[in-house]
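Inspection log for the structure reproduced underneath, given as structure tokens.
Derivation of every value follows stated rules applied to the coordinates shown; laboratory data play no part. All values derive from a computational prediction rather than experimental measurement. No Cβ is skipped: glycine too gets one built from the backbone with ideal geometry, and neighbour counts run over all protein chains shown.
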Number of protein chains: 2
Amino acid sequence: MAGNSREPGRTVTGRAFSVLSAFDAESPRLSLTEISQRAEIPLATAHRLVGELESWGALQREHDGRYAIGLRLWEIGLLAPVHTGLRSTALPHMQQLHERTGANVQLAVREGMEAVYVEKLSGRRSIPVVSRSGGRLPLHTTGVGKVLLAHAPRAVVQEYCARGLARHTPYTIAEPGRLVRELARVRQRGFARTAEEMTVGSCSVAVPVWEGEDVVAALGLVVQSARAEVTKLARILAPAAEAIGRQLDEENR
Amino acid sequence: MAGNSREPGRTVTGRAFSVLSAFDAESPRLSLTEISQRAEIPLATAHRLVGELESWGALQREHDGRYAIGLRLWEIGLLAPVHTGLRSTALPHMQQLHERTGANVQLAVREGMEAVYVEKLSGRRSIPVVSRSGGRLPLHTTGVGKVLLAHAPRAVVQEYCARGLARHTPYTIAEPGRLVRELARVRQRGFARTAEEMTVGSCSVAVPVWEGEDVVAALGLVVQSARAEVTKLARILAPAAEAIGRQLDEENR
């Protein structure tokens, strides 16, 4: 067993986490065989590890015999600063934004080359969106993503563009040069917008959440294209993002 | 290393989870020394495990050198059925309840002898409450707790009473006989109430969420004692809980 391994899959602990990593949003329930295949470990090893993980509450067995992530792991995960700090501070402001606009309200952070959705509020008046809390979406096709990319180090933007900008709709910005110019405009105006770039029929507006000198998150609204009054929505978002940043600043002092 | 051990602390995987279990709501950030002490493992072992957990994203290092639960573990935890199923289904209904009443809205499940809060919504108009999502509270002093206990197997109620009913305020029901009679009333009336039994100045009302024949969760409101119009609040809660149960039923079919 190697300590501090950069390839954690090679250690016993690493194998346990390969088992947990076998689960994702598309496949939140897996059979033992599926776990063994996805984690690339022998069935006997998978069986032993799953037993250990279940006894600890990291996995739980469902009625149909398949496994899912357990309540205990969910509890521990909620102790992450992104939840206890950012999400808790932002939630009341997000509720107010939702009450006021009826739009989908989203809070996201950048993790590498993706936007991770920390929280999402939607109601009966809101249109369906593809994001979910804990889910990931591209940076160049979403309002919150553009904000996060606009305030990322230059090297991140270069690598992001170099990987290729996947086209989700005919309106997706898929040319690196156009995206770089768009990001400059996002910094200038103080908000980002998308017009049917992720999903036809949906538009979004997003603003940065500043904690001191750093953009720590992006706060956005997703509305039907027809209802998009971009500047008005940005004016509603800005004070909420400021209040969140101010509170985060005070809490971390 | 024992497979399927009932004492997971004895295995390598178990030790890794002892490290994660060292974190709790009161201490979400720990130094290496604190982790070693709380997990009851030698400092050198703690150092190696923390390194592995960090490389996997289960832990993250903060600016001050202490460790916290990492984003990757938070993401995996959100795949738990309690989040993807129950919480996602209930959230829009909880938002509506919050908009309508301005009260704290809570969703909880029973885990052993405690109520685990799956979600909590509060706003500027709400009074401060002690619950937080992922947090635990007693069953006999909270509205949601009474609902969950009222619908628990008789053996659970007996064990709960046998452990002793801690008194949080002068109004806490601390006599087992009184609690058992109260639970019968909860089943009869279809809702539970508390009057300053957890926190002086706060009252709560809660109803069960039925999925088929089972009570899978409790949905509650917490308000200022002075504002408590119990029957009215119960009438607002009931249709929301029914709608959640119906949706859960459909989704799991």
Q) Rounded to the nearest 500, what is chain A's calculated 222 nm mean residue ellipticity when only DSSP H runs of at least 4 contribute -39500 (n - 2.57) each, over all residues? A) -13000 deg cm²/dmol
Q.
To check my understanding: the extent here is largest minus smallest coordinate of the Cα atoms along each principal axis. What are those three numbers for the protein assembly as shown, in Å, largest first?
A. 74, 56, 47
Q. Which FRET efficiency value, to the nearest 0.05, is calculated for A:V156 and A:K232 with the Förster distance at 35 angstrom and r the Cβ-Cβ distance?
A. 0.70
Q.
Need one word for region B:175-253: rounded, prolate or oblate. Basis is the Cα gyration tensor (sqrt eigenvalues a ≥ b ≥ c); a/c below 1.5 gives rounded, then a/b vs b/c decides.
A. oblate
Q: State the percent of C-alpha pairs, over all pairs in region A:34-192, separated by a distance greater than 26 angstrom.
A: 47 percent
Q. Quick one: in chain B, whose Cβ comes closest to the B/A rotation axis, and how close in angstrom?
A. B:G77, 1
Q) Which listed residue (A:V222, A:Q95, A:V207) has the Cα farthest towards the positive end of the charge dipole for region A:81-251, taking +1 on Lys and Arg C-beta and -1 on Asp and Glu C-beta about the Cα centre? A) A:V222
**Q.** Charge dipole (debye, nearest 20) of region B:8-77; +1 at Cβ of Lys and Arg, -1 at Cβ of Asp and Glu
**A.** 220 debye
Q.
Full-extension gain between A:D64 and A:A243, please, as 0.36 nm times their residue separation minus the C-alpha to C-alpha distance.
A. 59.8 nm
Q.
Once you keep just the Cα pairs under 8 angstrom separated by 6 or more residues, what percentage relative contact order results for chain B?
A. 13 percent
**Q.** Gain upon complete extension [B:A195, B:L43; 0.36 nm per residue less C-alpha separation]
**A.** 50.0 nm
Q: List the distances, in nm and shortest first, from the label point of A:E54 to the matching label points in every other copy, placing each point 7 Å from Cα along the Cα-to-Cβ direction.
A: 3.4
Q. If you stretched the chain out fully between A:D214 and A:A184, how much longer would it get, using 0.36 nm times the residue separation minus the C-alpha to C-alpha distance?
A. 9.1 nm
Q. With charges only on Cβ, +1 for K and R and -1 for D and E, what is the dipole size of the protein assembly as shown about its Cα centre, in debye, rounded to 20?
A. 860 debye
Q) For the residue pair B:Q224 and A:Q96, what label-to-label distance in nm results when each label sits 7 Å from Cα along the Cα-to-beta-carbon direction? A) 1.9 nm
Q) For region A:32-139, what is the relative contact order in percent, using Cα pairs closer than 8 Å and at least 6 residues apart in sequence? A) 14 percent
Q. Using a label position 7 Å from Cα in the Cα→Cβ direction, what is the ascending list of nm distances from B:R100 to the same site in the other copies?
A. 2.5
Q) What are the label-to-label distances in nm, one decimal and shortest first, from A:G190 to the same spot in the other copies, with labels 7 Å along Cα to Cβ? A) 5.1
Q: Please report, in debye to the nearest 20, how large the charge dipole of region A:81-251 is about its Cα centre when each Lys and Arg carries +1 at its beta carbon and each Asp and Glu carries -1 there.
A: 640 debye
